[in-house]
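Contents: one structure, followed by commentary.
The values are calculated or read from the model by the stated rules, or taken from the named source; none is laboratory data. Because the structure is a prediction, the values reported are computed rather than measured. Virtual Cβ from ideal backbone geometry, glycine too; neighbours counted across all protein chains shown.
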Amino acid sequence: MTPETLQDFFPILAGIKQPCDVQAVDEKDLSRLGEEIRRMIIQTVSATGGHLAPSLGVVELTMALLRVFNPARDRIVWDVGHQAYAYKLLTGRLDRFHTLRQLGGISGFPRMCESPFDHFGVGHSSTSISAALGMAAARDLAHEDHKVVAVIGDGSMTAGLAYEGLNQAGGLGKNLVVVLNDNEMSISRNVGALSSFLSRKLSKRWVQRFKKEAESIMRQIPKIGDDLAEYARRSEDSLKSFFTPGMLFEAFRFTYIGPLQGHDMRMLTNVFQQTRELEGPVLVHVLTKKGKGYEPAESNPTFFHGVGCFEPETGEAKKFAACSLPSYTQVFGSTLCSLAEKDESIVAITAAMPEGTGLTCFSERFPDRFFDVGICEQHAVTFAAGLASQGVKPVVAIYSTFMQRSYDQIVHDVCLQNLNVTLCLDRAGLVGEDGATHHGVFDISFLRHIPGLVIMVPRNEPELQHMLATALAHKGPVALRYPRGVGEGATLVETPQILPMGQGELLREGTDGVIVALGSRVNPALEAARMLCEETGKEVAVFNARFVKPLPEEQLLALAASQPFMLIAEENALPGGFGSAVLELLADRDALAGLRIKRLGVPDHFVEHGSQKELRVKLGLNRDGILAALRAMLR
């Protein structure tokens, strides 16, 4: 949109160049500003995809924060960042908002390098309180007096890190404001006892009726009735806190305010103005509706949490070229269900993402064997270890990027005890528009050095089926990583087979060199080898490694001894990745003499956001990139 068009269609929003401009908006125009923000978010996300429902739910909350706090001076920290689109629009990024999540455009999450008003980069949940407390401590060390605000969703409050931050904040007594955005959801509807506790919301009418009835009953007690009623009146705050979430946060020595209607701009603004004057840590509990202001998102907030392109008028997903291929996630979910039909010891665990990890079908067919632990990846893994210690076969399905949070538990609770836990790392490799915080490109590097852990990577759908069956039949821990998106179109099998441990397969013969490929890079490697043959007549072999650990050692050594060069292709970080493991093997076995080696993978820097296709082209990990590397090796 041109500046003129923005002015025509979003006259109030277009006038906000800096966050302090929000304070200058006339009160009578605030509701129109909220409407413009929602229209801009819907219009943009319908074209780019993104986190729609969370951001629509906090429009009034964001406006109220910026009416009271100035991020040019005060610090505002968003948790996860799913809900930060309105904040981006009001902090000088309106003219770039159409580039949201696009290659070279603005990020879908707060990033310190993107704006001086993004005070902390986020992408994973439950970090805001700890980060904000660190900022508050730094402020006091510098003898400054600006305010620090953390905005955290109730879904993120299921994670232990949030309580570690609350605990220290209450102990230090720093001036800190925590805003709890309570919409009873993370991505899916929240689970667990804490969610039920936060949902105990009392109406003022109920409280008043209860007080009157209790006082009437107490006054009727002979001799001590009046004294009891007077004591109850003095204890009113304690009585109320017993029934409401304030009891929890006041136990952490926070001043608790709420719960408040999160779409009442005037009230929110007044409350935030009052909190500026309070000393010590304060928690403001705000009730919002996820997807507010857009009926399709209000009706289906899970679908619109993180959504692809859609028709803004109807909310219907945009029609693209028909693709009947199942995703790897779907293949995983359906295969696990089939295996669980035959083995009652199989259970499934997810961390607040049953839909995203393909476990919805499992939860419906085997509800007693399905566990959603909330946003608690560390707990998920140790919970699985406990199950495995009693003879159960737990399958823990978590995105690769989020599995990073449970590293200690994988080492000490699972692998050290050699327990039969299957870790299924969905979205391994480059994931696309969510960017650096979500790419699953480090899992091989942080897992392969753990003793006793088997690591498998399928090249297509049936190989994923075979590997899942192999993992569940194996005695010991297994990690299985697979990419985001649809598969290769290979025919699924009815009965998965057990693969020989540590054995790859030679998919293409050749004597002019060999490509050792892993997982999603196997098929592009096959295509590149065929194209090279058509182009030059050279025959390059292609080896599907299958296993990162144990490596197919003898097969790799035989290839190293018989080929002039080896090109290794993977979709993981090069430092410590699969290619590093192959190099270590060849070096340890004195098999490097006369062999030229090149590694293709994710370089040693964080990869930005963009589509998977664009990023693979940029990093040389697609068919053409592999072909270019082959040509260079032949030269």
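Points to keep in mind about this one:
- Scanning segment 587-635 for residues that are within 21 Å of Val441 (Cα to Cα), part of a loop (DSSP other than H, G, I, E, B) and without any contact (Cβ under 8 Å) to a residue 60 or more places away in the chain returns Pro603, Asp604, His605, Gly620.
- Yes/no for Ala380 being surrounded by 23 or more Cβ atoms within 10 Å (Cβ to Cβ), aliphatic (A, V, I, L, M), in contact with a strand residue (DSSP E or B) (Cβ under 7 Å, 6 or more places away or on another chain) and in contact (Cβ under 8 Å) with a residue 60 or more places away in the chain: no
- The single condition from (1) surrounded by fewer than 17 Cβ atoms within 10 Å (Cβ to Cβ); (2) over 24 Å from Val454 (Cβ atoms) that Asp408 fails is (2).
- Segment 406-425, residues that are more than 12 Å from Ala388 (Cβ to Cβ) and either within 20 Å of the chain's Cα centre (by Cα) or aliphatic (A, V, I, L, M) (or both): Ser406, Tyr407, Asp408, Gln409, Ile410, Val411, Leu416, Cys424, Leu425
- Positions within segment 292-335 being of a type in the set (A, V, I, L, M), in contact with a helix residue (DSSP H, G or I) (Cβ under 9 Å, 6 or more places away or on another chain) and either closer than 18 Å to Thr62 by Cβ or assigned to a loop (DSSP other than H, G, I, E, B) (or both), in sequence order: Ala297, Leu325
- Within segment 433-454, restricting attention to residues that are among the β-branched types (Val, Ile, Thr) and outside any loop (DSSP other than H, G, I, E, B), the residue that is farthest from the chain's Cα centre (by Cα) is Val454.
- Residue match in segment 544-551 (condition: over 30 Å from Thr99 (Cβ atoms), touching a strand residue (DSSP E or B) at 6+ places or on another chain (Cβ under 9 Å) and among the polar types (S, T, N, Q)): yes
- Matching residues in segment 537-586 - criterion: being more than 30 Å from Asp426 (Cβ to Cβ) and either at pLDDT below 95 or assigned to a loop (DSSP other than H, G, I, E, B) (or both): Gly537, Lys538, Glu539, Val540, Gln563, Pro564
- Whether a residue is under 27 Å from Ile106 (Cα atoms), surrounded by 22 or more Cβ atoms within 10 Å (Cβ to Cβ) and in contact (Cβ under 8 Å) with a residue 60 or more places away in the chain was assessed, and Ala397 does not pass this test.
- Residue list for segment 1-51, restricted to those being among the charged types (D, E, K, R) and more than 31 Å from the chain's Cα centre (by Cα): Glu4, Asp8, Asp21, Asp26, Glu27, Lys28, Asp29, Arg32
- When we screen Val80, Val59, Val25, Val45 for residues that are touching a Gly at 6+ places or on another chain (Cβ under 6 Å) and of a type in the set (Val, Ile, Thr), the only hit is Val59.
- Restricting attention to segment 275-291 and to residues that are over 22 Å from the mean Cα position of the chain (by Cα) and part of a loop (DSSP other than H, G, I, E, B), the residue that is modelled with the lowest pLDDT turns out to be Glu277.
- Scanning segment 290-317 for residues that are under 22 Å from Pro354 (Cα atoms), touching a residue at least 24 places away in the same chain (Cβ under 8 Å) and of a type in the set (Ser, Thr, Tyr) yields a single hit, Thr302.
- Candidate set from segment 137-160 (those that are among the small types (Gly, Ala, Ser) and within 26 Å of the chain's Cα centre (by Cα)); member that is modelled with the highest pLDDT: Ala150
- Yes/no for Leu198 being in contact with an Asp or Glu (Cβ under 7 Å, 6 or more places away or on another chain), crowded, with 16+ Cβ neighbours inside 10 Å and at pLDDT 90 or above: no
- Residues of segment 34-59 classified as surrounded by fewer than 24 Cβ atoms within 10 Å (Cβ to Cβ) and part of a helix (DSSP H, G or I), total: 12
- From the list Leu56, Leu103, Leu61, the lone residue that is closer than 22 Å to Ala159 by Cβ and among the hydrophobic types (A, V, I, L, M, F, W, C) is Leu61.
This table checks each residue for (1) crowded, with 21+ Cβ neighbours inside 10 Å; (2) over 23 Å from Arg39 (Cα atoms); (3) among the basic types (Lys, Arg).
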| residue | (1), (2), (3) |
| --- | --- |
| Asp79 | yes, yes, no |
| Leu89 | yes, no, no |
| Leu94 | yes, no, no |
| Leu100 | yes, no, no |
| Gly104 | no, yes, no |
| Ser128 | yes, yes, no |
| Leu133 | yes, yes, no |
| Ala142 | no, yes, no |
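- Cβ-Cβ distances below 8 Å connect the following pairs, each with a first residue in segment 535-553 that is closer than 18 Å to Arg508 by Cα, a second residue that is at pLDDT below 95, and a separation of six or more residues or different chains: Thr536/Leu634; Lys538/Leu634.
- Checking each residue in segment 238-250 for being at pLDDT 85 or above and among the hydrophobic types (A, V, I, L, M, F, W, C) picks out only Phe249.
- Annotation note: Cβ proximity below 6 Å between a residue of segment 260-273 that is more than 11 Å from Val68 (Cβ to Cβ) and a residue that is among the polar types (S, T, N, Q) (sequence gap 6+ or interchain) occurs for Gly262/Thr288.
- Members of segment 124-165 that are within 24 Å of His439 (Cα to Cα) and either of a type in the set (D, E, K, R) or part of a loop (DSSP other than H, G, I, E, B) (or both): His124, Ser125, Ser126, Thr127, Gly155, Ala159
- All of (1) among the aromatic types (Phe, Trp, Tyr); (2) in contact (Cβ under 8 Å) with a residue 60 or more places away in the chain; (3) within 26 Å of Thr495 (Cα to Cα) hold for Phe402 with one exception: (3).
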